[in-house]
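Visitor: I'd like to ask some things about the structure below.
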Amino acid sequence: MKVALVHEWLTIIGGSENVFKEIASLFPDADIYTLVAQPETIQKLGLQNHRVTTSFIQSLPFAKTRYRTYLPLFPLAVEQFDLASYDLIISSSHAVAKGVLTHSGQVHVCYCHSPIRYAWDLHHQYLKAAGLQTGVKGMLAKLILHRIRTWDIISVNRVDYFIANSKYIGKRIKKLYNRESEVIYPNVATEDFGMVTDKDDYYFTCSRFVPYKNIDLIVQAFAGMPDKKLFVIGDGPDFNRVKKLAAPNTILLGYKPFNELKQYLSKAKAFVFAAEEDFGILPVEAQACGTPVIAYGKGGALETVVENVTGIFFKEPNVESIQKAVKYFDNNDKIFDPKVIAEHAAQFSTARFKQQFSSFLENINTIKNT
């Protein structure tokens, strides 16, 4: 069976890239198609033995670092990949990868990390953050996103089977695409995190500093709780703005390598998470360390955190709600057992992901040959 794997871009390594890496490991002879790629990223992901084909966007000015500026060209670019000779196509999609052209003799499985967030549920938030709510540029941005949405719906019928990375995303696939999906949670390298029972007296959060991660809310919440210490790892466009909000009890560490991040994560009394994520890998990594999670009670966190067993939820994404949750945790932290928390996180392991993904494909093959 000839297999093609499709992913939006291979320029940075995030959660979706780590999922794609494990999918690719199941098909060592598969060819890879992506809009833009960086050789060092391909090397770090261990994909150098695959034949990698990029789109025409790869040759455009500054495309390797500013590829998102070519958003209007993404649908056209992904449709230029000639996949006619493949039996099985697996797309790992959070934007346009699912839109590759296929024919009736092929099977196309899409592992959907999310429908295009900036075109759908975060449409207004992204426009606001980019200052594109009004004016000529704003009108152009809205027109582009409108056309992306139209294309996104049209391309749904190119997929035979959807896999959602959470029940939360499964509901969005049903709402936006009117398609059913199988839920297979992403792989988390839980084996890379050792359980630590002896915790230090500080809270911890880690994220890219972008608006929807709500790092500013966490920092403001701790500014109003001077008796509690918060460490923050991460960088991004909002770093300087958030830094101005930080009180002396909050230490912004910027970017740190994995080993340092793991140390802070494993020794924290709790990990604070304020984003509405599709799945959320960091809360699972925290739990793999035996560290309880204080999370916004919406999105994927509801599927990975067990209330009053591996963590607690706050109900609203605001300063007061976060403060209330932290104070509740402080008064009840003895109920959380690091061993129980780490055992819960183990169900999201890489081995589990590969087994479930392989079983799904075997079931498809069985149905096809019946």
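Visitor: Could you please give the count of residues in region 279-329 that are in contact with a Cys (Cβ under 8 Å, 6 or more places away or on another chain) and part of a loop (DSSP other than H, G, I, E, B)?
Guide: Qualifying residue count, region 279-329: 0.
Visitor: Then there is this: Within region 255-274, restricting attention to residues that are modelled with pLDDT of 95 or more, of a type outside the set (K, R) and not in a helix (DSSP H, G or I), which residue is farthest from I173 (Cα to Cα)?
Guide: Among residues in region 255-274 that are modelled with pLDDT of 95 or more, of a type outside the set (K, R) and not in a helix (DSSP H, G or I), the one farthest from I173 (Cα to Cα) is A268.
Visitor: Just to be sure I understand the filter: pairs with C-beta atoms under 7 Å, separated by 6 or more residues or on different chains, first member in region 291-312 and polar (S, T, N, Q), second member crowded, with 17+ Cβ neighbours inside 10 Å and part of a strand (DSSP E or B). Which pairs pass?
Guide: Close Cβ pairs (under 7 Å, with a partner that is crowded, with 17+ Cβ neighbours inside 10 Å and part of a strand (DSSP E or B)) amount to T291/A270; T291/F271; T310/V293.
Visitor: Of all residues in region 29-48, count the ones that are farther than 25 Å from Y126 by Cβ, touching a helix residue (DSSP H, G or I) at 6+ places or on another chain (Cβ under 6 Å) and assigned to a strand (DSSP E or B).
Guide: So the count comes out to 0.
Visitor: Exactly one condition in (1) part of a helix (DSSP H, G or I); (2) farther than 21 Å from C112 by Cβ; (3) not basic (K, R) is not met by T197; state its number.
Guide: (1)
Visitor: Of the residues that make up region 31-43, is at least one surrounded by 15 or more Cβ atoms within 10 Å (Cβ to Cβ) and closer than 16 Å to H113 by Cβ?
Guide: Among the residues of region 31-43, at least one is surrounded by 15 or more Cβ atoms within 10 Å (Cβ to Cβ) and closer than 16 Å to H113 by Cβ, which makes the answer yes.
Visitor: Can you say whether T197 is in the same structural domain as D337 (by TED's automatic domain parsing) and closer than 15 Å to E277 by Cα, as far as the supplied structure shows?
Guide: no
Visitor: Which condition number in (1) touching a Lys or Arg at 6+ places or on another chain (Cβ under 9 Å); (2) buried (at least 17 other Cβ atoms within 10 Å of the Cβ); (3) within 17 Å of I281 (Cα to Cα) is the one that S181 fails?
Guide: (3)
Visitor: Can we say K244 is charged (D, E, K, R), at pLDDT 95 or above and within 23 Å of K128 (Cβ to Cβ)?
Guide: The answer is yes for K244.
Visitor: Going by the structure shown, is E260 out of contact with any His (no Cβ under 6 Å at 6 or more places or on another chain) and closer than 25 Å to K44 by Cα?
Guide: yes
Visitor: Please go through region 55-97 and give me each residue that is free of Cβ contacts under 8 Å to residues at least 12 places away in the same chain and either touching a Cys at 6+ places or on another chain (Cβ under 9 Å) or among the hydroxyl-bearing types (S, T, Y) (or both), ordered by number.
Guide: S59, T69, listed by residue number.
The values are calculated or read from the model by the stated rules, or taken from the named source; none is laboratory data. In this text the structure is predicted, and so the values were computed from the model without any measurement. Don't worry about glycine lacking a Cβ; one is built from the backbone with ideal geometry, like all the others, and counts go over all protein chains shown.
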